[in-house]
Amino acid sequence: MHYDAIIIGAGMSGLASGIRLAYFDRQVLLVERHEVYGGLNSFYTLAGRRFDVGLHALTNYVPPGVKSAPLPKLLRQLRIDRSALHLCGQLGSEIRFPQKRLRFDNDFALLRQEVAEGFPQQADSFDRLVADIRAYDDLSLSTPRRSTRQVLCTYLTDPLLMDMLLCPLMYYGNAEEDDMDFTQFVTMFKSIFLEGLSRPRDGVRVILKTLVKKFRQCGGTLRTRCGVERLETDRHRVTGVRLESGETLTADAILSSAGLVETMQLCSDSPEPPPEAEIGRLSFTESISCLDTTPAALGLDSTIIFFNDAPRFVYRRPEDLVDTRSGVICCPNNFEEHDHLPEGILRVTSLANHDRWLELNDEAYAAAKREAYRATLDRASKFVPEFRPRTVFSDFFTPRTIRRFTGHLGGAVYGSPAKVRDGRTRLKNLFICGTDQGFLGIVGAMLSGISMANLHVLQDG
């Protein structure tokens, strides 16, 4: 069967691109190899409890009525009413290092005040940096890469402040080790600090189910349990999409949210192995602890804590299974209007080594999970009240889990460090959307899907 477009992967970017194309009467097929859609931001049920995967917070939050920010623009493009998502703002988050603490919320004035008080000699320089960030065009598809650390040194002189600003922005979207592309830094700075954090009242499934419903209403076709085995090529174009079932389909355009390296490896003429430099090296472990009380009742009222317990912030693949020196502690209860949650929840995320986790046999893997869970919570307990005696249930995932459910080589949550801003590949009708196109976060992923659909299918068509 022939389609105007086949989209690989029913995550945020795949669903958004599908909706956009279906609105304009394109015949669109969206294929997802798993039973549950969502990709990096999905959901599951375990022991009668419902959990989100990936989602700590939705970035780019702005109050209702604001029209010029990415979130309302996105919703207009998808023709989705904001009320369908029931977004609840954060109560307030913080960046915690041994020497200092910076608080921030959805009003940028708080972070500016914290920087001025904590780093008085850097206050004017920080204001100049923020002014230039506000004016920067981070949506350009042709801006060359620049080192964020080098750019920051032209504004700031205190390495501690630079580390503290980088910590949350790297943990929430950076695929590079120790540094990041300045355009991506600007995108994350705007989305987290200048705009803000929120969470759908009932979790990520609200967003996904809204997108799936809209896609189907527009006439799009979604097939789950439908993996792509190979992309048949003639060196210039994709000539056929061969499914794992043996069926072969054709399309004028193929948009893939499966990742740059992973997509190109599907091509029948791709060399083996893939280029090492294009495989992401950053993966994570995450623990989920369910409590018989709320974090606030234990004295923890922050929504998210980005912490570092070392003299300098190190963001790279660790030599050991897990690096607990830095990480993220998220409290889903500490958003507005989340008093309906049946239990207290704490999530702790740490950097991990994908290759080391994959080397373990089943027995060693189970033991390593128990030890990593203990070690990450030992470290987290230095930054939050002791909560472990109140734990009634826990779950823990590793880079092996990420590899299994996303297919990302290296268990790389944020994909390849080699982003393709314009989405183009060496094949004329194959395009990349999502994480490896370069727009970040849930809102960024959806904007990526829309942008690539507009540029490569609707505009060209």
Checklist outcome for this item: The distance between the Cα centres of the stretch 217-245 and the stretch 92-112, in whole Å, is 45
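Ranked highest first by average number of other Cβ atoms within 10 Å, how do 28-36, 269-277, 318-326 line up? Please list the in-between numbers first.
Working: 28-36: 20.7, 269-277: 10.9, 318-326: 18.9.
Output ranking for 28-36, 269-277, 318-326: 28-36, 318-326, 269-277.
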Item to check | Contact order normalised by residue count of the stretch 281-406, Cα under 8 Å, 6+ apart, percent | outcome: 40
Next on the checklist: What is the sum of charges, Lys and Arg at +1 and Asp and Glu at -1, for the other residues whose Cβ falls under 13 Å from the Cβ of LYS213?
Outcome noted: +4
Checklist entry - Just going by the charge dipole of the chain, with Lys and Arg at +1 and Asp and Glu at -1 on Cβ, which of TYR3, GLY173, GLY299 is farthest out on the positive end? => result TYR3
Next on the checklist: I'd like to know which of THR425, HIS408, ALA368 lies farthest towards the positive end of the charge dipole of the stretch 334-438, counting +1 on Cβ of Lys and Arg and -1 on Cβ of Asp and Glu.
Outcome noted: THR425
Checklist outcome for this item: Among (i) 127; (ii) 142; (iii) 168, the entry matching volume of the Cα convex hull per residue in Å³ as calculated here is (ii)
Next on the checklist: Less than 10 Å Cβ to Cβ from ARG96, Lys/Arg counted +1 and Asp/Glu -1: what total charge do the surrounding residues give?
Outcome noted: +2
Checklist entry - Under 17 Å Cα-Cα from LYS382, which lysines qualify once same-chain neighbours fewer than 8 residues away are excluded? => result LYS100
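Based solely on its DSSP helices, what 222 nm [θ] is calculated for the chain when runs of n ≥ 4 H residues each add -39,500 (n - 2.57) and the sum is averaged over all residues, nearest 500 deg cm²/dmol?
Values: 13 runs with 137 residues, N = 461.
When only DSSP H runs of four or more count, the value is -9000 deg cm²/dmol.
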Next on the checklist: Given contacts defined as C-alpha pairs under 8 Å and at least six residues apart, what's the relative contact order of the chain, whole-number percent?
Outcome noted: 24
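Just so you know, all these numbers are worked out from the coordinates, no wet-lab data involved. Predicted model, so just to flag it, every value in this text is computed and none were measured. Here Cβ is always computed from backbone atoms with ideal geometry, including for glycine, and neighbour counts include all displayed protein chains.
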